[in-house]
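Asks: Mind having a look at this structure? Questions to follow.
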Amino acid sequence: MKTRRIDNYGKINRDKILSFSWDKKNYKGFEGDTLASALLANNIGIVGRSFKYHRPRGIFSSGVEESGALVTIGSKDRRDPNVRATTQELYNGLEASGQNAFPNVNFDLAGINNYLGRFFAAGFYYKTFMGIPPLEWGKGTAIWMFFEKFIRKAAGMGSASGLPDPDTYEHAHDFCDLIVVGSGPAGVAAAIEAAEKKLDVILVEQDSLIGGNQLAENDFDNSQIKNQLENLGIKIMTRTTAFGLYDNCVVGLLERVTDHISAPNVNIPRQRFWTIRAKHIIVGAGAIERHIAFNNNDIPGVMTVNASKHYLNRYGVLTGKRIVIATNNDSVYETANQLSEAGANVTVLDSRTNFEIETNKSFEIRKGYVPYNINGSKKIHSLDISKSETINKSETIDCDQVLLSGGWSPAVHLLSHRGVKPKWDYNNACFLPSDKKENITMVGSSRGLWNKNDCIASGIAGTTDALNRLGISKTNYFFPKPGGWKNPIQPLYEVKYKKSRSKSFVDYQHDVTTDDVRLAHREGFISVEHLKRYTTLGMANDQGKMGNIIGLSLMAELLNKEIPEVGTTVFRPPYTPVSIGALSGRNVGKHFRPLRVTPMHQWNIDHGAKMIEVGLYQRPWYYPKENETLSDSYIREASTVRKTVGICDITSLGKIAIQGPDSTEFLNRIYSNSFSKLQVGKARYGIMLRDDGIVMDDGTSWRLAENEYFMTTSTGEAAKVMSWLEELLQTRWTDLNVNVTSVSEQWAGVSVAGPKSREVLNNCVDDSLVVTNNNLPFMGVTSTFLKGNIPCRIARISFSGELAFEVYVKSDFANTMMDLIWENAKKYDGCLYGLEALGALRVEKGHVTAAELDGRVTIDDAGLSKMASTKKSYIGSAMRKRGVLKNNDREILVGFFPTNLKETFNAGTIVCEKNNIKGQGIGRITSVTYSPELGHWIGLGFVKGGLDKWKDTNLVGADPVRNKQMNLKVVSPHMIDPKGERMYA
Amino acid sequence: MIRINCPYCGERDHSEFSYGGDATINYPSLDASEKEWTEAIFFRKNIKGFQFETWHHSNGCRMWLVVERSTVTHEIKSVKPCHPDLQKVVENNK
Ligand SMILES: [Zn+2]
């Protein structure tokens, strides 16, 4: 295969040969190459197939705007799809392949889509949703369901590996006075000026080298600039993209740390996601050259003019032999000179008729000519050209490359992220950045400056602007006027040749043609935002960097308006794609969110606990013996609690110390029931409402001393309750002398429950008298010592309905406490029990938890009206009977039995009347369990009107998700020991 | 991204804080009518510009703060403790 590499050109290191593979064949390139330059050097023209039509596509650019050369890099779990070959640095052993083609990009079976173009026109996707007109119009769901998988397969890009990402990613933060985005002449000038004025500067460059578009100049050497920047103490970040600007001068950066290395050190992250907080931002992001729309303007061999200059002078690749350049502006002539000096046969078609330009006269300039059709399919054979006034065939030029320059678009994307609409500049046929009150200054070509000297001047002016805004100086400055070419640009977006149905591409990556834009207009999509969504113009991951302006100009023409009247679309972050891995950083796997464990976590595991997540907490779920299943285990555990004794880790409950002279008053205001008469040494169950009268949480508060309480909350609401108490004390009741302190992690708690629990505890405490029925009656609290002189708090509180105690020790003593209680419980054939058994026990008793108290339930709904004091006012008391909350058909807490006691049911089952099984029914089941005591399945839930209304009626449980249905009986929620005799024993 | 200058901890990222709500509400007494409570809980102004709002330094000093913030630009003009006595202390220590 012939190489396109030529001697004496380029900044690549020809001493360092790199081998890489393309579609499983091996090739060679040099250090300093991108994948694109190496492919071009190896004469590989077709690198992809287009999105919808599967047309062969080549390399259009040399940078981030690339919309053709999207390839897949790597293999297996490191397969990275949709990588721009133009920005992927070559490394030894790089594996790359084409995508969206079967079997390969050179011969793609789906290329037939090219001939089915009318089925894939604008809005095709949306029309499939609607059905095929006229027969199925408006009822298209079925046909969409049928075609969806074919369409999705045909219209797509590379696919992800589907495997866990083996690489690591990092989040990092930094601060600076000034961040400069872009290291072209403007950005470098700004950074140097700022550093000389003693600002702390970060300079960001997405390329591997600093220099910006100067890297396309054959005599450019960046080493001196680099030294100067470094000596001034500027932090230079290459391979780093500023992908977004955010509030308060925050810049999001993506640093590609190892994407250019063949065997990276495993201790280094692949990418870093930076959040930079600056005081001022200078954007010198450059400008992007546009193409021109005409028939077959996507055939491999079409490229922007500037890209060809990059390939020649940076990579030593001459991209064509017989090159036609089509333009409407002055920027191409230097390139034309150089390409012809390098040995290419060059012709320039300039749409303008009247202009003067200096060249080395080694090539022909056809003034007043435009291209209108490329002949060829997998490569360019020839170009049909026409006079620019009226499009008629005048000549066909044999060529192997067509370079396009339809003008330049300043990269205003980052400013657009801050909600600033750019303004149209007629003289330069481009959008220019508008002013922004925030501390952001645009410099260089991104403010429409085409000359290097103007760019440098604008960089210095930009820093002066920054210094003024930061209050460091008060210096006058001015920016050079936009423009800088000798002859004015002549707008040229599309060359229309009426003869045939054309494939003139506006957006290469999404296969949007000029015909699509016209079709969208005919179908009524006249707002640019609608047009964009209907045609998907500019909605690929390049966000239409090359083609958006062409689309706008077509729309303007169709609407008989000027481009600025049509508007521009808003660019949103990210400027270039950011991988999900970088966004998640280290927050993956077990680090996805914090993990909370109780102080006896390891003790629980050592004693056979299977764990379950409750919020962030790991709690014992069940303790299986030998071959027990979850169900075997929890039934045994719950039975043991009812028969003898069980012990359960309850440390995850929220615990709050409430201290101060107004503590009682405080509790009286936040709980719905009265706390004013609670004696020292007693605990009380309490319910907290929200301001709007709905239940917030339930728990207990123990009066330890006159002015000191120990509050427990549910596990899930612990943080919320703590913040709520702080809010009330700091914002509403600032006169109360109360202090609240979270002591959740200071105390380890265990529940000892069952008829033998007192005997067990008797053996555990120093003074066996403290737990007698007299000394510690139901809801009694005592501060005492466990054997071994361990201080503890014990309250006689029951969640299971059995005689039960909650014992708390300082967290350091957790294991000692567990050993002690467990040794004694074993003597009574006791067990360890987990959350599943705890759930079974509380459902049997009709005790509510988060499954019932879901933020929609009032205290009356939960059947706890007795807990709502009528003798005092409290948070929520004014609102708990408002409006709909006082309706008498509200859903009330009840118990459920299956009518056929052999049947089971699930939480989430909808309760319905027998002959009216539909919609939301008349209630729902929130918790279910097998009841070892009753010997069948039972449930808790809600039904409209409650037990009184449905006591003797057969209802139906509908469970459409599981395709189940069963007959139900409504019973009292207190399914076991309704009088609570066991608790008081 | 917002940065809040906590009077106790200094300037911190907003991710350390939790948003509360309108700081200008005068909550009625607990025995006030349903109507007064309805006004206080459900009716909010939708301010374009600076508003006073509460933020909780939940991953910091746990203090509730009144932040004067622009809903348009996120610019923050002032940050004070909610508790009036603490406001005075902070003021005196300046
Ligand atoms: Zn703080």
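Asks: Within region A:191-242, count every residue that is aliphatic (A, V, I, L, M) and part of a loop (DSSP other than H, G, I, E, B). Full working, then the answer.
Replies: Of all residues in region A:191-242, those aliphatic (A, V, I, L, M) come to A:191-192, A:194-195, A:199, A:201-204, A:209-210, A:215-216, A:225, A:229, A:232, A:234, A:236-237, A:242.
After this cut, where a residue has to be part of a loop (DSSP other than H, G, I, E, B) as well, the list is A:199, A:209-210, A:232, A:234.
Residues that pass the stated criteria total 5.
Asks: Inspect region A:346-367 for any residue being touching a residue at least 60 places away in the same chain (Cβ under 8 Å), within 19 Å of A:Lys309 (Cα to Cα) and not β-branched (Val, Ile, Thr) and give the result as yes or no.
Replies: Residues of region A:346-367 touching a residue at least 60 places away in the same chain (Cβ under 8 Å): A:351-352, A:355-357.
Among the residues that remain, those that are also within 19 Å of A:Lys309 (Cα to Cα) are: A:357.
Checking the rest, the ones that are also not β-branched (Val, Ile, Thr) come to none.
Scanning region A:346-367 turns up no residue that is touching a residue at least 60 places away in the same chain (Cβ under 8 Å), within 19 Å of A:Lys309 (Cα to Cα) and not β-branched (Val, Ile, Thr).
Asks: Something else about it: Among the candidates A:Gly448, A:Gly471, A:Gly462, which residue alone is free of Cβ contacts under 8 Å to residues at least 12 places away in the same chain and among the small types (Gly, Ala, Ser)? Reasoning before the result, please.
Replies: On the way: A:Gly448 fails: free of Cβ contacts under 8 Å to residues at least 12 places away in the same chain; A:Gly462 fails: free of Cβ contacts under 8 Å to residues at least 12 places away in the same chain.
From the options A:Gly448, A:Gly471, A:Gly462, the qualifying one is A:Gly471.
Asks: Next up: In this structure, is A:Leu554 in contact with a His (Cβ under 7 Å, 6 or more places away or on another chain) and assigned to a helix (DSSP H, G or I)? Steps first, answer last, please.
Replies: Details: in contact with a His (Cβ under 7 Å, 6 or more places away or on another chain): no; assigned to a helix (DSSP H, G or I): yes.
Against the criterion (in contact with a His (Cβ under 7 Å, 6 or more places away or on another chain) and assigned to a helix (DSSP H, G or I)), A:Leu554 does not qualify.
Asks: Quick check on my filter: what residues within region A:855-902 are open to solvent by 60 Å² or more (accessible area, probe 1.4 Å), part of a loop (DSSP other than H, G, I, E, B) and more than 14 Å from chain B (Cβ to nearest Cβ)?
Replies: A:Arg856, A:Asn887, A:Asn888, A:Asp889, A:Asn900, A:Leu901, A:Lys902
Asks: Sticking with this one: Name the one entry in A:Ser37, A:Ser21 that is more than 22 Å from A:Asn218 (Cα to Cα), not in a loop (DSSP other than H, G, I, E, B) and not β-branched (Val, Ile, Thr). Spell out how you get there, then give the answer.
Replies: Details: A:Ser37 fails: more than 22 Å from A:Asn218 (Cα to Cα).
Step by step, each of A:Ser37, A:Ser21 is checked, and only A:Ser21 is more than 22 Å from A:Asn218 (Cα to Cα), not in a loop (DSSP other than H, G, I, E, B) and not β-branched (Val, Ile, Thr).
Asks: Something else: If I filter region B:20-27 for residues that are of a type in the set (Phe, Trp, Tyr) and away from the ligand (no atom under 13 Å from the Cβ), do I get at least one hit? Before the answer, list the steps.
Replies: Going through region B:20-27, the residues of a type in the set (Phe, Trp, Tyr) turn out to be B:27.
From the residues that got through so far, the ones that are away from the ligand (no atom under 13 Å from the Cβ) too are B:27.
Yes, the conditions are met somewhere in region B:20-27.
Asks: Whether any residue in region B:8-28 is within 12 Å of chain A (Cβ to nearest Cβ), within 30 Å of A:Lys871 (Cβ to Cβ) and open to solvent by 70 Å² or more (accessible area, probe 1.4 Å) is what I want to check.
Replies: Yes, the conditions are met somewhere in region B:8-28.
Asks: Looking at region A:717-760, which of its residues are in a helix (DSSP H, G or I) and in contact with a helix residue (DSSP H, G or I) (Cβ under 6 Å, 6 or more places away or on another chain)? Reasoning before the result, please.
Replies: Within region A:717-760, the first condition is being in a helix (DSSP H, G or I), and the residues that meet it are A:718-732, A:757-760.
Answer for region A:717-760, where residues must be in a helix (DSSP H, G or I) and in contact with a helix residue (DSSP H, G or I) (Cβ under 6 Å, 6 or more places away or on another chain): A:Arg758, A:Val760.
Asks: Does B:Phe52 qualify as being more than 16 Å from the ligand (Cβ to nearest atom) and within 14 Å of the chain's Cα centre (by Cα)?
Replies: Working: more than 16 Å from the ligand (Cβ to nearest atom): yes; within 14 Å of the chain's Cα centre (by Cα): yes.
When the stated conditions are applied, B:Phe52 passes them.
Asks: Examine region A:715-734 for a residue that is open to solvent by less than 10 Å² (accessible area, probe 1.4 Å) and more than 11 Å from every other protein chain (Cβ to nearest Cβ), and state whether such a residue exists. Steps first, answer last, please.
Replies: Of the residues in region A:715-734, the ones open to solvent by less than 10 Å² (accessible area, probe 1.4 Å) are A:721, A:725, A:728.
Filter again for more than 11 Å from every other protein chain (Cβ to nearest Cβ), leaving A:721.
Yes, because at least one residue in region A:715-734 is open to solvent by less than 10 Å² (accessible area, probe 1.4 Å) and more than 11 Å from every other protein chain (Cβ to nearest Cβ).
Asks: Now a separate question. Counting residues that are among the hydroxyl-bearing types (Ser, Thr, Tyr), which strands (runs of 3 or more DSSP E) fully inside region A:334-424 reach at least 2? Break it down into steps so the answer makes sense when it comes.
Replies: On the way: elements: A:345-350, A:364-367, A:369-375, A:382-387, A:395-398, A:401-405, A:408-410.
Filter on region A:334-424 gives A:369-375, A:382-387.
Asks: Continuing with the same structure: Among the candidates A:Lys682, A:Lys677, single out the residue that is over 27 Å from A:Ile612 (Cβ atoms), modelled with pLDDT of 95 or more and among the basic types (Lys, Arg). Before the answer, list the steps.
Replies: Numbers: A:Lys677 fails: modelled with pLDDT of 95 or more.
One residue alone meets the criteria, A:Lys682.
Asks: Let me ask another. Could you please let me know if A:Ile456 is open to solvent by 50 Å² or more (accessible area, probe 1.4 Å), in a helix (DSSP H, G or I) and touching a Phe, Trp or Tyr at 6+ places or on another chain (Cβ under 8 Å)?
Replies: Values: open to solvent by 50 Å² or more (accessible area, probe 1.4 Å): yes; in a helix (DSSP H, G or I): yes; touching a Phe, Trp or Tyr at 6+ places or on another chain (Cβ under 8 Å): no.
Here the answer is no, as A:Ile456 does not meet what is asked.
Asks: Return the pairs, sorted by first residue and then second, in which the second residue is near the ligand (Cβ under 8 Å from one of its atoms) and open to solvent by 30 Å² or more (accessible area, probe 1.4 Å), the first residue lies in region B:3-14 and is in contact (Cβ under 8 Å) with a residue 12 or more places away in the chain and part of a loop (DSSP other than H, G, I, E, B), the beta carbons are less than 8 Å apart, and the residues are 6+ apart or on different chains.
Replies: These pairs meet every condition: B:Pro7/B:Met63; B:Tyr8/B:Gly60; B:Tyr8/B:Cys61; B:Tyr8/B:Met63; B:Cys9/B:Gly60; B:Cys9/B:Cys61.
Asks: Moving to a separate point now. Scan region A:578-612 for residues that are in contact with a strand residue (DSSP E or B) (Cβ under 8 Å, 6 or more places away or on another chain) and among the charged types (D, E, K, R) and jot them down.
Replies: If the condition is that a residue be in contact with a strand residue (DSSP E or B) (Cβ under 8 Å, 6 or more places away or on another chain) and among the charged types (D, E, K, R), then A:Arg586, A:Arg596, A:Lys610 are the ones that fit.
Asks: Within region B:43-83, track down each residue that is open to solvent by 60 Å² or more (accessible area, probe 1.4 Å), modelled with pLDDT of 95 or more and facing chain A (nearest Cβ under 8 Å).
Replies: B:Arg62
Asks: Follow-up. Pick out the one residue from A:Lys481, A:Lys437, A:Lys474, A:Lys496 that is within 14 Å of chain B (Cβ to nearest Cβ) and assigned to a loop (DSSP other than H, G, I, E, B). Show your work before the answer.
Replies: Details: A:Lys481 fails: within 14 Å of chain B (Cβ to nearest Cβ); A:Lys474 fails: within 14 Å of chain B (Cβ to nearest Cβ); A:Lys496 fails: within 14 Å of chain B (Cβ to nearest Cβ).
Going through A:Lys481, A:Lys437, A:Lys474, A:Lys496 in turn, just one is within 14 Å of chain B (Cβ to nearest Cβ) and assigned to a loop (DSSP other than H, G, I, E, B): A:Lys437.
Asks: Shifting gears a bit: Is it true that some residue in region A:626-634 is within 30 Å of A:Ala172 (Cα to Cα) and open to solvent by less than 70 Å² (accessible area, probe 1.4 Å)? Quick ask: steps written out before the conclusion?
Replies: We begin by selecting, within region A:626-634, every residue within 30 Å of A:Ala172 (Cα to Cα); these are none.
No - not one qualifying residue is present in region A:626-634.
The values are calculated or read from the model by the stated rules, or taken from the named source; none is laboratory data. This is a predicted model, so every value here is computed, not measured. Cβ coordinates were reconstructed from backbone atoms using ideal geometry, including for glycine residues, and neighbour counts include every protein chain displayed. Only protein heavy atoms, including side chains, enter the accessible area calculation; ligands, DNA and RNA are left aside. Shrake-Rupley method; radii C 1.70, N 1.55, O 1.52, S 1.80 Å.
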